[in-house]
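Working notes for the structure below.
The values are calculated or read from the model by the stated rules, or taken from the named source; none is laboratory data. Since the model is a prediction, treat every value here as computed from it, not as a measurement. Cβ coordinates were reconstructed from backbone atoms using ideal geometry, including for glycine residues, and neighbour counts include every protein chain displayed.
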Amino acid sequence: MQNNFHSGFVAILGRPNVGKSTFLNRVVGQKIAIMSDKAQTTRNKIQGIYTEDDAQIVFIDTPGIHKPHSRLGDFMVESALSTLNEVDAVLFMVNATQKRGRGDDFIIERLRNVKKPIYLVINKIDQIHPDKLLQIMDDYRNTLDYAEVFPISALEGNNCPELIESLVNTLPEGPQYYPADQITDHPERFIAGELIREKVLELTREEVPHSVAVVVDRIHREDDEKVLVQATIVVERNSQKGIIIGKGGKMLKQIGVKARKDIELMLGDKVYLELWVKVQPNWKDRQVDLQALGYKQDDY
Ligand SMILES: Nc1nc2c(ncn2[C@@H]2O[C@H](COP(=O)(O)OP(=O)(O)OP(=O)(O)O)[C@@H](O)[C@H]2O)c(=O)[nH]1
Ligand SMILES: [Mg+2]
């Protein structure tokens, strides 16, 4: 271990859609967590590893904390809250454009017993007038004993380097947990599936995005420059299957083209993407299905 190397684990917690995954991707400089304007985009904990010469921070992006309406929702909220036991600091992220709500207060109550430094991170400041920022800072001031308060824009990057510098100084001396070039704990297979799901979130509406899971069945290198990726999009109902496939297969094609581009960026190779669509009624409430689709209790 080098002298004075600082390291530790930092959870990013908050309501859905506040910009947790956007922040994670900015920190590691690559898309490892999918993002969307729909709530409840992230479903699993995802580590994003930030390394500099004398420090390493392992950020843990978590599913947005919400009131669950399915076993999948229970899994998501449980896995987000479970990070509180395993981290050295917490980023509590809120949306500068939203008033503090019941969801935020629920999280605040859960943070009350956390004995680690808690940062209040007010995101999306690019969308508000500075006067509004003072109001929201005031609104949160007495809710917890925050180590620091950072207004940021995860989208544009404002104040993100300062936040990281502050974390580096707060974290204890410790080992480098991961090699300097590793940016996530999840395999390419997982991220490829997520990138496909991201396109479904982008291109569909209403209940469809929440009813979709993606399983990558196979990633196979065909030759030096081409990779075959085969994946199944799982939905809950026949009608949703129809929407995903679209008229004459148009929607599935669009999902495929967009996802392929992102997977190529990740793998650095040409990708041939084959997609199937399968109906698995009620998978969000069936424990066996949840496990098979990658939402496992032991992955908390
Ligand atoms: N204007 C603006 N938009 C942002 C910013 N950060 C994130 N967003 C947008 O907010 C939406 C949600 O971002 P995500 O990163 O998916 O949010 P999340 O907190 O991970 O959401 P869940 O995974 O559902 O909990 C996306 O449309 C982002 O582009 C920001 O700093 N400014
Ligand atoms: Mg997210």
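Summary table
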{"quantity": "Residue tally, condition exposed (fewer than 15 other Cβ atoms within 10 Å of the Cβ) and either at positive phi or among the aromatic types (F, W, Y) (or both), over the range 162-221", "calculated": "1"}
{"quantity": "Residues of the range 93-127 satisfying the condition of being part of a strand (DSSP E or B) and within 12 Å of ligand 1 (Cβ to nearest atom)", "calculated": "M93, V94, N95, V121, I122, N123"}
{"quantity": "Matching entry among V18, V58, V28 (being over 19 Å from V200 (Cβ atoms), crowded, with 23+ Cβ neighbours inside 10 Å and out of contact with any Pro (no Cβ under 6 Å at 6 or more places or on another chain))", "calculated": "V18"}
{"quantity": "Residues (polar (S, T, N, Q), away from ligand 1 (no atom under 14 Å from the Cβ) and modelled with pLDDT of 95 or more) located in the range 59-92", "calculated": "S70, S82"}
{"quantity": "Subset tally (residues that are among the basic types (K, R) and either more than 10 Å from ligand 1 (Cβ to nearest atom) or part of a strand (DSSP E or B) (or both)) for the range 2-43", "calculated": "1"}
{"quantity": "Boolean, G8 is more than 14 Å from ligand 2 (Cβ to nearest atom), touching a residue at least 24 places away in the same chain (Cβ under 8 Å), more than 27 Å from E202 (Cα to Cα) and not acidic (D, E)", "calculated": "yes"}
{"quantity": "Pick from the range 13-41, criterion of a type in the set (A, V, I, L, M) and under 9 Å from the mean Cα position of the chain (by Cα), ranking: farthest from ligand 2 (Cβ to nearest atom)", "calculated": "I32"}
{"quantity": "Within the range 230-260, considering residues that are among the hydrophobic types (A, V, I, L, M, F, W, C) and more than 11 Å from I196 (Cα to Cα), the one surrounded by the most Cβ atoms within 10 Å (Cβ to Cβ)", "calculated": "V235"}
{"quantity": "Test: residue in the range 238-253 that is outside the structural domain of R71 (by TED's automatic domain parsing), without any contact (Cβ under 8 Å) to a residue 24 or more places away in the chain, out of contact with any helix residue (DSSP H, G or I) (no Cβ under 7 Å at 6 or more places or on another chain) and of a type in the set (S, T, N, Q)", "calculated": "yes"}
{"quantity": "Selection within the range 152-161 - out of contact with any Gly (no Cβ under 6 Å at 6 or more places or on another chain), surrounded by 20 or more Cβ atoms within 10 Å (Cβ to Cβ) and not β-branched (V, I, T)", "calculated": "S153"}
{"quantity": "Failed condition for R218, given (1) at pLDDT below 95; (2) in contact with a strand residue (DSSP E or B) (Cβ under 7 Å, 6 or more places away or on another chain)", "calculated": "(1)"}
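Results for (1) polar (S, T, N, Q); (2) touching a residue at least 24 places away in the same chain (Cβ under 8 Å), shown as yes or no for each residue.
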residue: Y178; (1), (2): no, yes
residue: T184; (1), (2): yes, yes
residue: A192; (1), (2): no, yes
residue: L203; (1), (2): no, yes
residue: S211; (1), (2): yes, yes
residue: D224; (1), (2): no, no
